[in-house]
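Here's the structure we're looking at; comments come further down.
The values are calculated or read from the model by the stated rules, or taken from the named source; none is laboratory data. Because the structure is predicted, anything quoted here is derived from the model rather than measured. Cβ placement follows ideal geometry from the backbone for every residue including glycine, while neighbour counts extend to all protein chains displayed. Ligands, DNA and RNA are excluded from the accessible area calculation, which covers all protein heavy atoms including side chains. Shrake-Rupley method; radii C 1.70, N 1.55, O 1.52, S 1.80 Å.
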Amino acid sequence: MTHKTLRTPLAIAVVAASSMAYADVELTPVTVEADFRQTNVQQIPEAVTVVGSEDIEARSAEHLEQVLSFAPNVNYSSGASRGRFYQIRGIGERSQFIDPVNPSVGLVIDGIDMTGLGGAATLFDVKQVEILRGPQGTRFGANALAGMINIRSNDPTKETEGYLSARAGNYDSYGLGGALSGSLSDSVQGRIAVNGYQSDGFIDNIFLGRDDTNNIDEVVARGKLAFQLSEDTDLGLTYLYADIDNGYDAFSLDNTRETYSNTPGMDAQDTHALALSSDTHLNNAVILQTELTASKSDIEYSYDEDWAFGEYTFLPDEPAYTPDPCDVTQGPCLADFDGYSSFDQYLRDYERQSADIRLMSGTDGRIFGNSTDWVAGIYAMQRNEDLTRNYTFDPVFTSKLDSSSLAAYGELNTELSSTLRLITGLRVENWVNDFEDNSGLQESTDETLVGGRVTLEALLNNENLAYATLARGYKAGGVNSEPVLDDELRIYDAEINHSIELGLKSSLLADSLKTRIAAFYIDRTDQQIKNSFSYMEDGAPKFKDYIGNTKNGKNYGFELESGWDITERLNWELSYGYLISEIGEYTYESEFYGVFVQDGRQQAHAPQYSAATALTYGITDALSVRLESEAKDEFYFSDSHDLKSEAYVLWHARVAYTQPTYEVALFGRNLTDREYEVRGFGFGNDPRDGYSSYGHYQYGEPLTYGVEGKLYF
């Protein structure tokens with residue numbers, strides 16, 4: 001396997017930063033809220049990236065996909081208007097069509113499970129995004145085989161405060177939002193935030209004469225209440241509403257940003273969600289915490305499957321399209337191909353309810369000679385997913401999946417000495433799937449899954465914390481619903497991951513430089529692998545996919561993160577991830593590829609390196625400039641073909657002028673207008689070449705720029 005070296009942007013940043021002196025500065029602690037107990041990111045013994053509100057604003061980010069590059073070895077898959085599926089350390093789903101999936105990477109927004117519903121992961125009025133890498137078997141169970149993304153919005157405040165924000169940019173992009181927070185009484189605080197964002201998107205549909213068929217149209221509202229019921233009891237209530245009406249028209253037969261789709265699709269989501277949390281100190285020894293959530297989401301994911309319906313035939317003067325439709329010397333005449341017209345629509349209704357009840361040790365509740373803090377809890381979840389598929393060439397397909405989970409978990413945190421700590425966690429979870437569809441298929445799975453971790457943490461000195469973790473994560477098995485599958489492929493098994501992680505967290509140079517280093521090795525048993533295949537029927541290609549299991553897989557590498565206040569005005573941030581991944585032995589058949597054997601190849605959406613760096617300089621107390629770069633290695637788009645993306649480097653910049661009552665900023669992303677791929681398919685879809693197989697790509701965000709401002713009150 002070829003090993004890559006760090007690319008130019010990071011080298012430039014290293015040289016620039018290393019040539020400057022540092023000064024003593026007092027840093028604000030960054031707290032991870034996804035753990036059982038809120039812990040400083042430098043003190044939690046696992047690999048975690050916290051993207052704070054300042055970093056979100058510095059990237060001028062509207063959505064989660066735009067800040068994931070801050071975390072090493074984290075990727076996302078598009079194939080929609082936004083990135084909805086995420087990969088951590090090479091593990092994670094890339095798409096969903098007819099079959100239900102069990103995600104490897106969980107997504108939680110204000111305590112509400114939004115896993116698989118990434119369209120709602122907007123970032124307006126968000127306090128921070130926490131990206132936990134590695135199995136989270138004790139805390140989150142089956143939803144967090146690879147890790148967890150936890151989004152926390154700003155909480156209500158006692159003092160009245162608020163702001164209005166607006167932005168405008170190219171591609172007719174604009175946004176308007178506002179937030180208001182304050183006390184409703186002596187014991188009740190509230191916060192409300194509403195934001196709308198619209199953009200025509202980056203696609204020109206030539207056939208329809210429109211430039212907004214891949215548009216963004218998002219409205220998100222959030223209300224939060226905080227109650228102090230007594231000196232011992234706090235209560236929190238959150239309501240989340242997301243109205244996502246984005247278009248989906250991203251693929252062209254010629255791999256450009258010009259499409260000829262006659263029926264563009266939609267990537268829409270309508271979500272109503274509630275979360276109720278309480279924290280009660282029963283006495284000085286025991287704390288009772290409860291989290292109750294409920295959500296309902298209606299999803300439409302649809303697309304023009306043929307992308308053109310032969311419209312290229314009527315464009316003989318268009319230079320971008322070859323062969324010439326009338327020049328038979330270059331190949332078959334386009335008139336020989338009638339093409340096909342196909343529209344595929346997936347309508348899903350999700351209903352989810354969960355209850356998490358746990359007891360925790362208080363200040364006087366430590367056990368084993370006052371050496372051990374403890375947590376013990378019970379978790380119950382009910383998830384219902386109803387699908388209606390409308391497809392041009394097939395009858396209407398409907399299916400229903402009811403999933404339930406009941407888990408018991410516990411964790412002990414034991415001080416072995418003043419510098420040595422042992423953390424042990426265990427979770428036992430029963431996961432049941434009941435599936436049925438209108439073809440008469442009925443299948444059920446019932447699994448008991450076990451996960452957890454053992455972590456040894458050592459305080460080497462006042463500046464360095466080291467840890468070693470053995471962890472076991474799991475993801476439930478499930479049912480494939482495609483009618484064309486053989487019976488032995490109908491059920492796929494649970495995947496079990498065993499991981500080893502070694503880490504070092506340091507605070508150096510009078511706390512002005514903070515670093516986090518982690519090395520990991522993951523052994524994947526019964527690795528779940530998605531196979532996509534296509535075949536010809538009635539002169540047109542048809543596409544199917546299903547999930548199977550390999551014998552094993554491997555993922556290993558290391559990660560580096562640092563933040564350095566070089567001077568009082570200059571800050572440098574860096575993240576770098578290096579990843580080796582291998583697919584276990586696996587064989588499947590496709591009409592286009594024949595017998596396709598995987599044995600040791602790199603896993604899909606698992607680039608060998610990923611990196612991000614940023615320099616922020618305060619020219620004055622009010623004026624600042626930030627220059628960022630992110631880089632990513634090439635990666636395979638799928639485990640079922642060998643189509644790859646290209647490696648790329650992107651540059652971003654922002655200039656901001658800030659006063660106590662307002663802020664104005666100019667921003668630009670992808671300043672060099674680099675063309676890069678975020679999704680790719682390896683099937684044939686072009687009638688001009690007889691549907692022979694080659695690559696089709698969806699491109700990421702081109703050069704975008706704009707102005708934004710905030711008015712505080």
Run F140 past the list (1) open to solvent by 10 Å² or more (accessible area, probe 1.4 Å); (2) in contact with a Gly (Cβ under 6 Å, 6 or more places away or on another chain); (3) over 18 Å from Y409 (Cα atoms) and report the number of the one that doesn't hold. (3)
Among (1) at pLDDT 95 or above; (2) on the phi > 0 side of the Ramachandran plot, the one test that A380 misses: (2)
Given the residues A476, A510, A466, which is the only one that is of a type in the set (A, V, I, L, M, F, W, C), farther than 29 Å from G553 by Cα and either open to solvent by less than 70 Å² (accessible area, probe 1.4 Å) or modelled with pLDDT of 95 or more (or both)? A510
State whether the residues of the range 410-427 include one that is buried (at least 20 other Cβ atoms within 10 Å of the Cβ) and modelled with pLDDT under 95. no
On the given criteria, is F393 at pLDDT below 95, open to solvent by less than 60 Å² (accessible area, probe 1.4 Å) and within 22 Å of Q96 (Cα to Cα)? no
Which number in (1) closer than 20 Å to A34 by Cβ; (2) open to solvent by 10 Å² or more (accessible area, probe 1.4 Å) marks the one condition that V67 misses? (2)
Here are S187, S173: which of them is hydroxyl-bearing (S, T, Y), out of contact with any Asp or Glu (no Cβ under 9 Å at 6 or more places or on another chain) and in contact (Cβ under 8 Å) with a residue 40 or more places away in the chain? S187
Residue match in the range 525-548 (condition: open to solvent by less than 60 Å² (accessible area, probe 1.4 Å), among the aliphatic types (A, V, I, L, M), modelled with pLDDT under 85 and part of a strand (DSSP E or B)): yes
Going by the conditions given, is I12 modelled with pLDDT of 85 or more and aliphatic (A, V, I, L, M)? no
Open to solvent by 30 Å² or more (accessible area, probe 1.4 Å), over 17 Å from D686 (Cα atoms) and among the acidic types (D, E): does that describe E231? yes
Report yes if some residue within the range 329-344 is over 28 Å from D493 (Cβ atoms), at pLDDT below 95, under 31 Å from the mean Cα position of the chain (by Cα) and not aromatic (F, W, Y); otherwise report no. yes
Taking L288 as the residue in question, decide whether it is within 30 Å of D373 (Cα to Cα), out of contact with any Ser or Thr (no Cβ under 8 Å at 6 or more places or on another chain) and surrounded by fewer than 17 Cβ atoms within 10 Å (Cβ to Cβ). no
Being touching a residue at least 12 places away in the same chain (Cβ under 8 Å), open to solvent by less than 20 Å² (accessible area, probe 1.4 Å), farther than 30 Å from A380 by Cα and among the aliphatic types (A, V, I, L, M), is that true of even one residue in the range 258-271? no
Criterion first (crowded, with 16+ Cβ neighbours inside 10 Å, of a type in the set (D, E), in a strand (DSSP E or B) and out of contact with any Ser or Thr (no Cβ under 7 Å at 6 or more places or on another chain)) does D245 satisfy it? yes
Which residues, taken from the range 394-423, are of a type in the set (S, T, N, Q) and touching an Asp or Glu at 6+ places or on another chain (Cβ under 7 Å)? T398, S399, S405, N413
Taking T115 as the residue in question, decide whether it is open to solvent by less than 20 Å² (accessible area, probe 1.4 Å), touching a Pro at 6+ places or on another chain (Cβ under 6 Å) and not aliphatic (A, V, I, L, M). yes
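Residue by residue, here is whether (1) closer than 23 Å to T122 by Cβ; (2) under 28 Å from the mean Cα position of the chain (by Cα) holds:
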| residue | (1), (2) |
| --- | --- |
| S185 | no, no |
| V188 | no, no |
| A193 | yes, yes |
| D204 | no, yes |
| L208 | no, no |
| D217 | yes, yes |
Of the residues E646, E630, E582, E675, which single one is in contact with a helix residue (DSSP H, G or I) (Cβ under 8 Å, 6 or more places away or on another chain) and either under 24 Å from Y86 (Cβ atoms) or crowded, with 19+ Cβ neighbours inside 10 Å (or both)? E630
Flagged in the range 254-294 as closer than 19 Å to D211 by Cβ and in a loop (DSSP other than H, G, I, E, B), in numbering order, are D254, N255, T256, R257, Y260, S261, N262, T263, P264
Checking Y576 against (1) closer than 30 Å to Q528 by Cα; (2) over 20 Å from the mean Cα position of the chain (by Cα); (3) outside any loop (DSSP other than H, G, I, E, B), only one condition comes out false. Which one? (2)
Examine the range 69-81 for a residue that is under 19 Å from E501 (Cβ atoms) and aliphatic (A, V, I, L, M), and state whether such a residue exists. yes
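Where in the range 658-713 are there strands (runs of 3 or more DSSP E), lying wholly inside it, with at least 2 residues that are at pLDDT below 95?
Fully inside the range 658-713 and qualifying: 677-681, 696-699.
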